[in-house]
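Written below as structure tokens is the structure these notes are about.
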Amino acid sequence: MAYLANTLYNVGVYDILESTDKTSKIGAVTCHYIPDICAFGLKAVSDLHPELDNVDRMDVVMGHYPAGTSIWDAVHFS
């Protein structure tokens, strides 16, 4: 993992799954009009108790998803 991280860092890639204005808008609009898709996606990657979610605010949550992380954080947690 560290070799891959060094290679990415050397070519100028410092983040993974970073949030951009475009991804935030797409997530927010999709979740506003089709909240079931976002609820399914959230459950698939992180949500153990979907019955506790406030689906009315899912567009706000998905407007910030994915938040991303640095390459070095991924190396650290691996």
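The values are calculated or read from the model by the stated rules, or taken from the named source; none is laboratory data. Computed from a predicted structure; not experimentally measured. With ideal geometry, Cβ positions are generated from the backbone for all residues, glycine too; neighbour counts draw on all protein chains shown.
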Inset, instruction - Being under 21 Å from SER78 (Cβ atoms) and of a type in the set (D, E, K, R) is the filter; apply it to region 1-29 and report the residue that is modelled with the lowest pLDDT. - result: GLU18
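Applying the selection to region 30-62, what residues are part of a loop (DSSP other than H, G, I, E, B) and modelled with pLDDT of 70 or more? Working first, answer last.
So the first thing to find is which residues in region 30-62 are part of a loop (DSSP other than H, G, I, E, B), and the list is 34, 46-49, 53-54.
ILE34, LEU48, HIS49, ASP53, ASN54 - these are the residues of region 30-62 that are part of a loop (DSSP other than H, G, I, E, B) and modelled with pLDDT of 70 or more.
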Legend entry - Pairs with Cβ under 7 Å, 6+ apart, first in region 5-26 and of a type outside the set (Asp, Glu), second part of a loop (DSSP other than H, G, I, E, B) and at pLDDT below 75: LEU17/PRO66; SER19/HIS64; SER19/PRO66; SER19/ALA67; SER24/GLY63; SER24/HIS64
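Among the residues of region 1-16, write down those that are in a helix (DSSP H, G or I) and closer than 8 Å to ILE71 by Cβ.
Keep residues of region 1-16 that are in a helix (DSSP H, G or I), which gives 2-10.
Hits for region 1-16 are ALA5, LEU8, TYR9.
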